[in-house]
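Everything below concerns the one structure shown next.
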Amino acid sequence: MKIRCLLVLLFSATLVSSSFGEDVESRLKTLEDTTAKVTGLFGGSAMTNPYLSLIVNTFFYHSGLSQSELDSRTIPGFTNVPLGTRKGFNLESAELFLFAPVDPYLNLYANIPVTEEGVELEEAYFVTSSLPAGLQVKGGKFKSGFGRINGQHPHAWDFVDAPLNYRAFMGAEGMGGEKGIQVTWLPELPIYLQLGIEALQGENDLLFGPDAKDGPHAFTFFVKASVDFGDSSTVLFGPSYVAGKADISTIADGTTFRGDTDLFGFELVYKWKPSRGRGFVLQSEYLYRKQAGDLRTGDPADPASTLESLKRAQDGIYVQGLYQMDRWRIGARYDVLDPFKKDFILSGTQQDLGKQPWRATGALEFNPSEFTRVRLQYTRDESSRDGKADNELYLQMLLGIGAHAAHSF
Amino acid sequence: MRKTAIVLIALLLSAPSAFAKVKVVATLPWIGSIAGKIGKEQVEIATLVKPNQDPHLVEARPSMILATRKADILMYNGLDLEIGYLPVLIESSRNPGIQPGKPGNFDCSHFVTALEKPVSVDRSMGDVHPLGNPHFHFSPARILSVAEGMAGALSVLDPSHADAYKTNLEAFREKVRAKQKEWSALPTKGRRFVAYHKLFEYLAADFGFTITAYVEPKPGIPPSAAYIERLIGTIRESRPNGILTTPIYGRKEVDFLAGKTGVRGIVIPHDVGATPGAQNWFTFMDQALSALVK
């Protein structure tokens, strides 16, 4: 009797334990499933958050000139805007990037650089993903497809600063975000050929000025073609053009200029990537800017102010090369203004503006990982026309966290 | 008359889709190789990443954008391996058919269970893939699942050849099974290796060997001299069966370690085409496994 009782007990115990075991297992399985799938009212929203990344751009700057000399250092005949870099530690920006698909038809991007002066909305635009026939529309505020460096964010540049022709014709950060609409077309051809047009509000301080005209008045057109040579070499090249109205006060202090602006560009990039750790990039852009109109010197309300006709037809070019060896990269750049054309014709008379502006730059980079870059840069700057050279030294650090942004070519 | 003309035009317009090959764009060589086994003469394959390139560090060349523009289906590894260039390619391609969620967007990793999916991750750990180890092309069982997925996806895009894809898949399955027997017979079980990068985890899991240490202190971070010194000690003590690396990176460090410790350095192709004999996925696996037991 006792034995039977024990047996029954034992049997039921095993039964319970085995069913309990199964229960735990299935419960675990359900738990695994739910954690794998992220469900719930708020859990699911985590997956619909936009991708976020933050890039900090900070550098130490030293110059042979005093701060007051730097603050008044301009490029006469081109721009009266100094660089504004302080000797010592500088925090360029902490750039916040957000991006995500809006729906199956549009992707949305925003670039919000936070600087010590405040928060900017540098870019906020949509890009279509599902138009037929190789067409794509971009709209909102975005960096124009004009030229090469123009479309890149400063952290993606190959040197700390933009080349002279950018600074002279568009400003130290290029054309910057412009409000407007862009249509690009990639036809199905044997080679890569992208054609683009844009209608922009036209607010760049050097090309147009914020109050040049009511409504959009700047129009761009650009072509980018590319061919590969073997598995390791690629060439990208193409012309760009932008035209618009101008109402600017950036030619010289105390002046305003009204007229028309045309800017032509040609870009050429050669990339050689023979193996994993090695690579070479040669890049050049030629810019030619024409402006014709009237230059007023003095306050327009002042009857003593003078009005003269001004025709500017000037150009600039940079050539840069960068060689990568594993985590190290060395680079050199030469940039010069007035290489072929230096018309500055005031009331029919060509002006002598002084020496030809040029610079020479060398840089050494160390990239400990994909997300950190340390750059040491030296520049010999002879851009101020007065013969006063500047020797500049930068030690820059770029750091990125968050979503892994894919970089274009 | 007018109706006939319309019908004729409609026929002419639809004709290419009935007879033309399915344009497959594969990011990596192994994906192109498997797609070729399943698609055979029904597909035309363009592979974006060359065998001598590191799949982690690829730049979106304009020619890749152009190829993607023309694709009927884009096949990629997934698990964020192509994160540095694929989003740009997909958007710049202006190809509605390959956008995420469309039948022409084929993520191979959707058909496999990933190893080493970290519970939590940040970049202080190096280049850890948050979705799991992405190098599953060394796993025959997983490749078979991917091939099944490919046959399904190609049948959706090109239903008129669904039977052919099914037949090709069957033939592929048979060959994988036969090969798997051959591979399993190799004496890989119980062996211990040191590896340069976290690339051979699926190979180890499927063929019963272990990777005891890595030459990279953290994924994607090259070793310092001090780290190499310590590793020499570890290797001398534990005497593994070999130090694994690939033709494109880690050769220098592994040769150095092999010279110092007397343990054999083993070069394993990281992908199809990376070594002269590895011209398709089967010969690639043959080479990888025979190198381990040589």
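The values are calculated or read from the model by the stated rules, or taken from the named source; none is laboratory data. If you're wondering where the values come from, they're calculated on a predicted model, not measured in any experiment. Neighbour counts are summed over all protein chains in view; Cβ atoms, including those assigned to glycine, are modelled from backbone coordinates with ideal geometry.
Identify the residue in segment A:150-177 that is outside any loop (DSSP other than H, G, I, E, B), away from every other protein chain (no Cβ under 13 Å) and at pLDDT below 95 and, among all such residues, is farthest from A:Thr379 (Cα to Cα). Here the answer is A:Gly177.
Total residues in segment B:29-48 satisfying the condition of being surrounded by fewer than 22 Cβ atoms within 10 Å (Cβ to Cβ) and in a strand (DSSP E or B): the figure is 3.
Table: residues versus (1) touching a His at 6+ places or on another chain (Cβ under 8 Å); (2) within 26 Å of B:Thr47 (Cα to Cα); (3) assigned by TED's automatic domain parsing to the domain that holds B:Pro55; (4) part of a helix (DSSP H, G or I).
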residue: B:Asp255; (1), (2), (3), (4): no, no, no, yes
residue: B:Lys260; (1), (2), (3), (4): no, no, no, yes
residue: B:Ile266; (1), (2), (3), (4): no, no, no, no
residue: B:Pro269; (1), (2), (3), (4): no, yes, no, no
residue: B:Gly273; (1), (2), (3), (4): no, yes, no, no
residue: B:Pro276; (1), (2), (3), (4): no, yes, no, no
residue: B:Thr283; (1), (2), (3), (4): no, yes, no, yes
residue: B:Gln287; (1), (2), (3), (4): no, yes, no, yes
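Residue count for segment A:270-286, restricted to those that are at pLDDT 95 or above and crowded, with 19+ Cβ neighbours inside 10 Å: 5.
Against the numbered list (1) away from chain B (no Cβ under 11 Å); (2) outside any strand (DSSP E or B); (3) out of contact with any helix residue (DSSP H, G or I) (no Cβ under 9 Å at 6 or more places or on another chain), A:Ile197 comes up short only at (2).
Looking at segment B:187-197, is at least one residue polar (S, T, N, Q), farther than 30 Å from B:Phe106 by Cβ and part of a helix (DSSP H, G or I)? Lay out the reasoning, then the answer.
Start the filter on segment B:187-197 by keeping residues that are polar (S, T, N, Q), which leaves B:188.
Adding the requirement that they be farther than 30 Å from B:Phe106 by Cβ leaves B:188.
Then keep just the ones that are part of a helix (DSSP H, G or I); that gives none.
Checking segment B:187-197: not a single residue is polar (S, T, N, Q), farther than 30 Å from B:Phe106 by Cβ and part of a helix (DSSP H, G or I).
Here's the yes/no breakdown for (1) under 30 Å from B:Leu57 (Cβ atoms); (2) of a type in the set (Val, Ile, Thr); (3) not assigned by TED's automatic domain parsing to the domain that holds B:Ile65:
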site	(1), (2), (3)
B:Ala141	yes, no, no
B:Met150	yes, no, no
B:Ser155	no, no, no
B:Asn168	no, no, no
B:Ala195	yes, no, yes
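To keep it simple, each residue is scored yes or no on (1) closer than 26 Å to A:Gln377 by Cα; (2) among the β-branched types (Val, Ile, Thr); (3) more than 14 Å from chain B (Cβ to nearest Cβ).
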| site | (1), (2), (3) |
| --- | --- |
| A:Gly298 | no, no, yes |
| A:Lys311 | no, no, yes |
| A:Asp315 | yes, no, yes |
| A:Leu322 | yes, no, no |
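Here is the figure for segment A:129-144: residues that are within 14 Å of chain B (Cβ to nearest Cβ), of a type outside the set (D, E, K, R) and either in contact with a helix residue (DSSP H, G or I) (Cβ under 6 Å, 6 or more places away or on another chain) or crowded, with 19+ Cβ neighbours inside 10 Å (or both) total 5. Of all residues in segment A:339-389, those that are more than 30 Å from B:Met125 (Cα to Cα) and aliphatic (A, V, I, L, M) total 5.
Among the residues of segment B:224-253, those that are outside any helix (DSSP H, G or I) and more than 25 Å from the chain's Cα centre (by Cα) comprise B:Ser224, B:Arg239, B:Pro240, B:Asn241. Selection within segment B:119-148: residues that are of a type in the set (D, E, K, R) and within 12 Å of chain A (Cβ to nearest Cβ). The member of this set that is nearest to B:Asn105 (Cα to Cα) is B:Asp127.
For residues that are touching a residue at least 24 places away in the same chain (Cβ under 8 Å) and either more than 7 Å from every other protein chain (Cβ to nearest Cβ) or in a helix (DSSP H, G or I) (or both), scanning just segment B:82-93, find the one that is farthest from B:Val146 (Cα to Cα). Can you show your working first?
So the first thing to find is which residues in segment B:82-93 are touching a residue at least 24 places away in the same chain (Cβ under 8 Å), and the list is B:82, B:84-86, B:88-89, B:92-93.
Narrowing further to those that are either more than 7 Å from every other protein chain (Cβ to nearest Cβ) or in a helix (DSSP H, G or I) (or both): B:82, B:86, B:88-89, B:92-93.
Numbers: B:Glu82: 17, B:Leu86: 19, B:Val88: 24, B:Leu89: 22, B:Ser92: 26, B:Ser93: 24 Å.
Taking the candidates together, the pick is B:Ser92.
Among the residues of segment A:113-166, those identified as among the small types (Gly, Ala, Ser) and within 15 Å of the chain's Cα centre (by Cα) are A:Ala124, A:Ser144, A:Gly145, A:Gly147, A:Gly151, A:Ala156, A:Ala162.
Quick check on B:Thr275: is it more than 14 Å from chain A (Cβ to nearest Cβ), at pLDDT below 95 and within 26 Å of A:Pro274 (Cβ to Cβ)?
On the way: more than 14 Å from chain A (Cβ to nearest Cβ): yes; at pLDDT below 95: yes; within 26 Å of A:Pro274 (Cβ to Cβ): yes.
It is true that B:Thr275 is more than 14 Å from chain A (Cβ to nearest Cβ), at pLDDT below 95 and within 26 Å of A:Pro274 (Cβ to Cβ).
The sole residue among A:Ser66, A:Ser93, A:Ser72 that is of a type in the set (Ser, Thr, Tyr), out of contact with any Cys (no Cβ under 6 Å at 6 or more places or on another chain), over 24 Å from A:Gln396 (Cβ atoms) and more than 14 Å from chain B (Cβ to nearest Cβ) is A:Ser72. For segment A:269-289, the set of residues classified as touching a Phe, Trp or Tyr at 6+ places or on another chain (Cβ under 6 Å) and within 14 Å of chain B (Cβ to nearest Cβ) consists of A:Trp272, A:Arg276, A:Phe280, listed by residue number.
For segment B:222-238, indicate whether the set of residues that are under 30 Å from B:Ile38 (Cα atoms), of a type outside the set (Gly, Ala, Ser) and surrounded by fewer than 16 Cβ atoms within 10 Å (Cβ to Cβ) is non-empty. So far as segment B:222-238 goes, no, none of its residues is under 30 Å from B:Ile38 (Cα atoms), of a type outside the set (Gly, Ala, Ser) and surrounded by fewer than 16 Cβ atoms within 10 Å (Cβ to Cβ).
Looking at this structure, is B:Phe106 farther than 21 Å from B:Ile31 by Cβ and in a strand (DSSP E or B)? Answer is no for this residue. Residues that are more than 14 Å from every other protein chain (Cβ to nearest Cβ) and of a type in the set (Lys, Arg) were ranked within segment A:213-252; the one that is nearest to B:Pro29 (Cα to Cα) is A:Lys245. For A:Ala212, are the conditions met, namely being small (Gly, Ala, Ser) and either surrounded by fewer than 16 Cβ atoms within 10 Å (Cβ to Cβ) or outside any strand (DSSP E or B) (or both)? The answer is yes for A:Ala212. When A:Ile330 is tested against (1) outside any strand (DSSP E or B); (2) away from chain B (no Cβ under 14 Å), exactly one condition is not met: (1).
Being assigned to a strand (DSSP E or B) and under 22 Å from A:Trp185 (Cα atoms) is the filter here; which residues of segment A:117-132 pass it?
Here is the first cut: in segment A:117-132, the ones assigned to a strand (DSSP E or B) are A:118-119, A:123-128.
A:Glu123, A:Ala124, A:Tyr125, A:Phe126, A:Val127, A:Thr128, listed by residue number.
Keeping to segment A:374-409, report how many residues are away from chain B (no Cβ under 14 Å), more than 30 Å from A:Lys342 (Cα to Cα) and free of Cβ contacts under 8 Å to residues at least 40 places away in the same chain.
Initially, segment A:374-409 is screened for residues away from chain B (no Cβ under 14 Å), giving A:374-398.
Keeping just the survivors that are more than 30 Å from A:Lys342 (Cα to Cα) gives A:374-376, A:394-398.
With free of Cβ contacts under 8 Å to residues at least 40 places away in the same chain added as a condition, the list becomes A:374, A:376.
Qualifying residue count, segment A:374-409: 2.
For segment B:26-81, the set of residues classified as facing chain A (nearest Cβ under 9 Å) and among the charged types (D, E, K, R) consists of B:Lys50, B:Asp54, B:Glu59, B:Arg61, B:Arg69, B:Lys70, B:Asp80, listed by residue number. Kindly establish whether A:Val114 is under 30 Å from A:Val281 (Cα atoms), in a strand (DSSP E or B) and of a type in the set (A, V, I, L, M, F, W, C). Spelling it out, it is not the case that A:Val114 is under 30 Å from A:Val281 (Cα atoms), in a strand (DSSP E or B) and of a type in the set (A, V, I, L, M, F, W, C).
Residues considered: B:Ser160, B:Ser145. Of these, the only one that is exposed (fewer than 15 other Cβ atoms within 10 Å of the Cβ) and not charged (D, E, K, R) is B:Ser160.
If you check B:Asp271 against the conditions, is it more than 19 Å from B:Glu201 (Cα to Cα) and among the charged types (D, E, K, R)? Against the criterion (more than 19 Å from B:Glu201 (Cα to Cα) and among the charged types (D, E, K, R)), B:Asp271 does not qualify. Can you name the residue in segment B:94-107 that is more than 8 Å from every other protein chain (Cβ to nearest Cβ) and among the small types (Gly, Ala, Ser) and is also farthest from B:Pro130 (Cα to Cα) among such residues? Filtering segment B:94-107 for residues that are more than 8 Å from every other protein chain (Cβ to nearest Cβ) and among the small types (Gly, Ala, Ser), the one farthest from B:Pro130 (Cα to Cα) comes out as B:Gly97.
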